[in-house]
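K.L.:
A single structure is presented below for examination.
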Amino acid sequence: MPTVASPDYEHSVAAAGSFLERNPLAKYLWKYKHYYLVSLIASLIAAVISLLVTTYLVEKAIIYIGEGRSISALGQLASLLLLAGLIQSVFGWSGRWFGSTASREIEYYLRADLTKHFLNLDQSFFLKNRTGDLMSRAMNDLQAIRDMIGPIASAMGRMIIVLIVGFLVLLTMNVRLAIFSLAYLPLIGIVIAFFEVRVEHRFNAVQEQLSILTDAAQESMSGVRAVKAYAREESEISAFASQNEEMRKRAMSLATYQAALWPVFIVLGMGTTLIALFFGTPAVINGELTSGQLVRFILVLGIISWDLMMIGWVISIMQLGLVANKRITELFRQLPSIADGDINLENHNPTGNIKFKDVSVVFDEAVVLDKIDLEIPLGQTVAIAGKTGSGKTTLVNLLPRMIDVTRGAVEIDGIDVRKYKLNVLREMIGFVPQEAYLFSDSIINNLEYGQSDPTRENVSTALNVSRLSKDLEQLDNKLDTLIGERGASLSGGQKQRAALARTVLKNAPILVLDDSLSHVDTNTEEEILAELKTYMSGRTTLLIAHRTSTLRTADTIVMLRNGKIVELGPHNKLVAANGPYAQLYKEQLAVEALGVDLDQLELDTPIDGSKTI
C-alpha cells in the first residue's frame, strides 16, 4: 500500500505558506546555501590550483629539462605535481559531493512536498488532469531539477573564476597572444544562444509527449480487463505505437541538438589552441616567450577552453531544469477549492446529528441539488433513492466535503462542516463509495487503512459484518493474500465487501453507504444487512440503494428527483402513498417475481402523482 514519505515539514514549502508567493525550489536552495557555498569554495580552490600551481610546475619542469637539471630536481617537481594533483582532486571531489548531496536532499523534500500537496488537493483537480502527466512531472521533472541544482551550481562559479583568473594569467604572460587567443569569445556566445533556444523548445515537446505516453500506458494497463473483453489488444498496441513513434521523433530531435553541443564546443575550444600555437611559436622563436611559458600558456588556455565547452553542457542542463521547475511550480500553485476549517475538536465526541439547511449545489450552471432541507437525528438510518442524475451521490458527498455547497449549509452537531478541520470531519465519517478502491497489497493491510493496529476482535467483527469471512476460507494466505492492483484478483462483490469491512473497522459515528452493495448477490446482501442493523444501532447512517430490500431497512426514505426531495417518510407510508417510491417498489417486486436479480433499478419512466413536500 503506498505511503507518503515523512520528512520534517516544519521548514518545508508546504508549511511555509502560499505556494503562489513562494517558489519551492528557491526556498530549498536557500535552506542548503551552506552546502552550495562549501561546494563553490572547494571547486574554486581546485580550479585555482589547476590554473596557477599545476601549470606553473609544468613550466618549471620544462625549464629544468632545458637546463639539464638533475634527476633529483625533476623528481622533486614531480612530487610537487603529484601533491598538487592530489589536493586538487580532494577539493574537486568535495565540491561535487556537497553539490550532489544538496541536490539529492532538495529532490527528496520536493517530492515529499509534492506528494503531500497532491493529497491536499480535491477531486476536481484530478478530474481535470491526466494521471500520466502528473506522474511524469513528479518523476522526470524532479530528476531534471536535481540534475540542474547538483554540480551545476558549483560548475557555474568555477567557470566564472576560471575565465577571469585564467584570462589574467594569460595577460601576464603575453598580452598580444592572450588577446588573439580569446578574440572570438563572442562567437561562442552566439553558438550558445543558438542551441539554448532550440534545446528548450524541444525539451518542452519531449516532456509533453512523455506525459501523454505515460498516461496511455497507465490507462491500457489499468483497463486491461476491458481491453481483453472487447478484443482491442491490436487497437491499443497500434495507438500506443503511434504515440511512441511521436515520442521517438521528439526525443531524437532533442538528442540531435544535445549531441551536437560537444563536438561544436570541442572544435571551438581547439580553435583557441591552434591560435596559441600559430601566434605563440613565433613568440618563442623571437624570445618573447620561453618554451615552458608557451606550454603553460597552452595548458591554461586548454583549461579555459574546457570550461567554455562545459558552458554548452551547463546551459543544456539548466534549460531542462528551468523548464521542469516551471512545470513543478505550476502544480504547487494549484490550490484546493475545498478550504480547510479551523475547528479542531480533539476532545469532542461527535454524536452524529446531521442537518441540511436550504442546500443547493450548482455545477457549471446546472442545478444538481435545489433547496434541500433535511434533518437526520442521532442514530437514525436514512435511505436516499432516485433515478440516475437525481443528486443522490452529490448529497452524501457534501458530508465529508468531497464537494461544497453552493448555497445553504450542512451541519454536524450544529456546526457547519466547512468550519471543521478536514481531517477531524472525515474522521467522523465512515464512507463506502460506489466504486470500491483497494490498494495493491494484502487484504489485511487494506482493511487496516482506516484504522492502524486494530484488535483481532475488531477485525473479526468487520469481516463478519461484511461477510468477507466466507471468502477467506477459499484463500490459501487468508488475510495476507495479495489482491493485485486495485484489487484485480477479487470480484466486484468481494471488493465492495472489503471496502465495507474497512469502513466498519474505522468505527466512525456516521456511516455513509453509496450503493455499496450493488455488486453483491441478493442472499449475501440480506445477510450483510442483518449484521449492519446491529452495527448501525446508535450510528447515524445514510445509504444510497436501488434495491427495495435495502431501502426497507431505513427508518426514513428520501426520494430525489431533479435535485429536489419529492417524497420523505418510512417504507410503509411511502408505499401507501402510491408515489414515486411505490412505483419503484412495484417494479422491483415484478422483477423479483421473474427471478431476475436487478442490481441497479433506475427510475427511467415518467413519474405521475408524486407527493411533493
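K.L.:
Out of Asp515, Asp608, Asp597, Asp604, report the one residue that is modelled with pLDDT of 75 or more and either at negative phi or open to solvent by less than 60 Å² (accessible area, probe 1.4 Å) (or both).
P.N.:
Every option except Asp515 fails the conditions.
K.L.:
Modelled with pLDDT of 85 or more, open to solvent by 50 Å² or more (accessible area, probe 1.4 Å) and out of contact with any His (no Cβ under 6 Å at 6 or more places or on another chain), is that true of Tyr108? Can you show your working first?
P.N.:
Numbers: modelled with pLDDT of 85 or more: yes; open to solvent by 50 Å² or more (accessible area, probe 1.4 Å): yes; out of contact with any His (no Cβ under 6 Å at 6 or more places or on another chain): yes.
It is true that Tyr108 is modelled with pLDDT of 85 or more, open to solvent by 50 Å² or more (accessible area, probe 1.4 Å) and out of contact with any His (no Cβ under 6 Å at 6 or more places or on another chain).
K.L.:
Within region 336-368, how many residues turn out to be at pLDDT below 80 and in a loop (DSSP other than H, G, I, E, B)? If you could, list the steps in order and put the result at the bottom.
P.N.:
Our first condition is that a residue be at pLDDT below 80; within region 336-368, this holds for 336-352, 364-365.
Of the ones still in play, those that are also in a loop (DSSP other than H, G, I, E, B) are 336-342, 344-352, 364-365.
So the count comes out to 18.
K.L.:
Does Leu127 satisfy the condition of being farther than 29 Å from Ala205 by Cβ, in a helix (DSSP H, G or I), out of contact with any helix residue (DSSP H, G or I) (no Cβ under 9 Å at 6 or more places or on another chain) and not aromatic (Phe, Trp, Tyr)?
P.N.:
Working: farther than 29 Å from Ala205 by Cβ: no; in a helix (DSSP H, G or I): yes; out of contact with any helix residue (DSSP H, G or I) (no Cβ under 9 Å at 6 or more places or on another chain): yes; not aromatic (Phe, Trp, Tyr): yes.
Taking the combined requirement at face value, the residue does not satisfy it.
K.L.:
Here is a further query. How do the pairs read when you match residues in region 167-184 that are hydroxyl-bearing (Ser, Thr, Tyr) with residues anywhere that are open to solvent by less than 80 Å² (accessible area, probe 1.4 Å), using Cβ under 6 Å and keeping only pairs 6 or more apart or on different chains?
P.N.:
Ser181/Thr272; Ser181/Ile275; Ser181/Ala276; Ser181/Leu301
K.L.:
Considering only residues of region 425-442 that are charged (D, E, K, R) and within 18 Å of Ala508 (Cα to Cα), which is most open to solvent (accessible area, probe 1.4 Å)? Let's see the steps before the verdict.
P.N.:
Keep residues of region 425-442 that are charged (D, E, K, R), which gives 426-427, 435, 441.
Restricting the remaining residues to those that are within 18 Å of Ala508 (Cα to Cα) gives 426-427.
Numbers: Arg426: 79, Glu427: 118 Å².
Within region 425-442, the match that is most open to solvent (accessible area, probe 1.4 Å) is Glu427.
K.L.:
For the list (1) modelled with pLDDT under 85; (2) surrounded by 21 or more Cβ atoms within 10 Å (Cβ to Cβ), I need the number of the one condition that Gly189 fails.
P.N.:
Of the numbered conditions (1) modelled with pLDDT under 85; (2) surrounded by 21 or more Cβ atoms within 10 Å (Cβ to Cβ), the odd one out for Gly189 is (2).
K.L.:
Given the criteria open to solvent by less than 70 Å² (accessible area, probe 1.4 Å) and over 19 Å from the mean Cα position of the chain (by Cα), does Val90 qualify? Full working, then the answer.
P.N.:
Values: open to solvent by less than 70 Å² (accessible area, probe 1.4 Å): no; over 19 Å from the mean Cα position of the chain (by Cα): yes.
So Val90 fails the test.
K.L.:
Still on this model: With the condition kept exactly as written, say whether any residue in region 113-135 is more than 11 Å from the chain's Cα centre (by Cα), free of Cβ contacts under 8 Å to residues at least 60 places away in the same chain, closer than 30 Å to Gly302 by Cα and open to solvent by 60 Å² or more (accessible area, probe 1.4 Å).
P.N.:
No: region 113-135 contains no residue that is more than 11 Å from the chain's Cα centre (by Cα), free of Cβ contacts under 8 Å to residues at least 60 places away in the same chain, closer than 30 Å to Gly302 by Cα and open to solvent by 60 Å² or more (accessible area, probe 1.4 Å).
K.L.:
Now a separate question. Kindly indicate whether any position in region 454-465 is open to solvent by less than 50 Å² (accessible area, probe 1.4 Å) and modelled with pLDDT under 80.
P.N.:
First, pick out the residues of region 454-465 that are open to solvent by less than 50 Å² (accessible area, probe 1.4 Å): 454, 459, 462-463, 465.
Right, trim to modelled with pLDDT under 80 and you get 454.
There is at least one residue in region 454-465 that is open to solvent by less than 50 Å² (accessible area, probe 1.4 Å) and modelled with pLDDT under 80.
K.L.:
Kindly list, by first and then second residue, each pair from a residue in region 522-543 that is over 14 Å from Asn507 (Cβ atoms) to a residue that is assigned to a helix (DSSP H, G or I) and open to solvent by less than 40 Å² (accessible area, probe 1.4 Å), limited to pairs with Cβ atoms under 6 Å and residues at least 6 apart or on different chains.
P.N.:
What qualifies is Glu531/Val465; Leu542/Val396.
K.L.:
Out of the residues in region 518-570 that are of a type in the set (Lys, Arg) and under 22 Å from Gly379 (Cβ atoms), which is most open to solvent (accessible area, probe 1.4 Å)? It would help to see each step written out before you state the result.
P.N.:
Taking region 518-570 as the starting set, the residues that turn out to be of a type in the set (Lys, Arg) are 533, 539, 547, 552, 561, 564.
With under 22 Å from Gly379 (Cβ atoms) added as a condition, the list becomes 533, 539, 552.
Numbers: Lys533: 154, Arg539: 37, Arg552: 110 Å².
The extreme case among them is Lys533.
K.L.:
Let me ask another. Checking the condition farther than 22 Å from Trp306 by Cα, in a loop (DSSP other than H, G, I, E, B) and in contact (Cβ under 8 Å) with a residue 24 or more places away in the chain, which residue from Leu289, Leu254 passes? Can you show your working first?
P.N.:
Details: Leu254 fails: in a loop (DSSP other than H, G, I, E, B).
Result: Leu289 is the single residue among Leu289, Leu254 that is farther than 22 Å from Trp306 by Cα, in a loop (DSSP other than H, G, I, E, B) and in contact (Cβ under 8 Å) with a residue 24 or more places away in the chain.
K.L.:
Please go through region 371-407 and pick out each residue that is buried (at least 19 other Cβ atoms within 10 Å of the Cβ), outside any loop (DSSP other than H, G, I, E, B) and more than 33 Å from the chain's Cα centre (by Cα).
P.N.:
Of everything in region 371-407, those that are buried (at least 19 other Cβ atoms within 10 Å of the Cβ), outside any loop (DSSP other than H, G, I, E, B) and more than 33 Å from the chain's Cα centre (by Cα) turn out to be Ile372, Ile376, Thr381, Val382, Ala383, Ile384, Ala385.
K.L.:
Filter region 92-124 for residues that are β-branched (Val, Ile, Thr) and under 14 Å from Ser39 (Cα atoms) and give the result.
P.N.:
Start the filter on region 92-124 by keeping residues that are β-branched (Val, Ile, Thr), which leaves 101, 106, 115.
Thr101 - this is the single residue of region 92-124 that is β-branched (Val, Ile, Thr) and under 14 Å from Ser39 (Cα atoms).
K.L.:
Looking at the structure I just gave you, is Leu83 at pLDDT 85 or above, in a helix (DSSP H, G or I) and open to solvent by 50 Å² or more (accessible area, probe 1.4 Å)?
P.N.:
Values: at pLDDT 85 or above: yes; in a helix (DSSP H, G or I): yes; open to solvent by 50 Å² or more (accessible area, probe 1.4 Å): yes.
Yes.
K.L.:
If you go through region 408-462 one residue at a time, how many are outside any loop (DSSP other than H, G, I, E, B), within 25 Å of Lys533 (Cβ to Cβ) and free of Cβ contacts under 8 Å to residues at least 12 places away in the same chain?
P.N.:
3
K.L.:
From Ile275, Ile164, grab the single residue that is in a helix (DSSP H, G or I), open to solvent by less than 70 Å² (accessible area, probe 1.4 Å) and modelled with pLDDT of 75 or more.
P.N.:
On the way: Ile164 fails: open to solvent by less than 70 Å² (accessible area, probe 1.4 Å).
Residue meeting the stated conditions: Ile275.
The values are calculated or read from the model by the stated rules, or taken from the named source; none is laboratory data. Small disclaimer: the values here were computed from a predicted structure and weren't measured. Positions of Cβ are generated from backbone atoms using ideal geometry, with glycine treated the same way; all protein chains shown enter the neighbour counts. Only protein heavy atoms, including side chains, enter the accessible area calculation; ligands, DNA and RNA are left aside. Shrake-Rupley method; radii C 1.70, N 1.55, O 1.52, S 1.80 Å.
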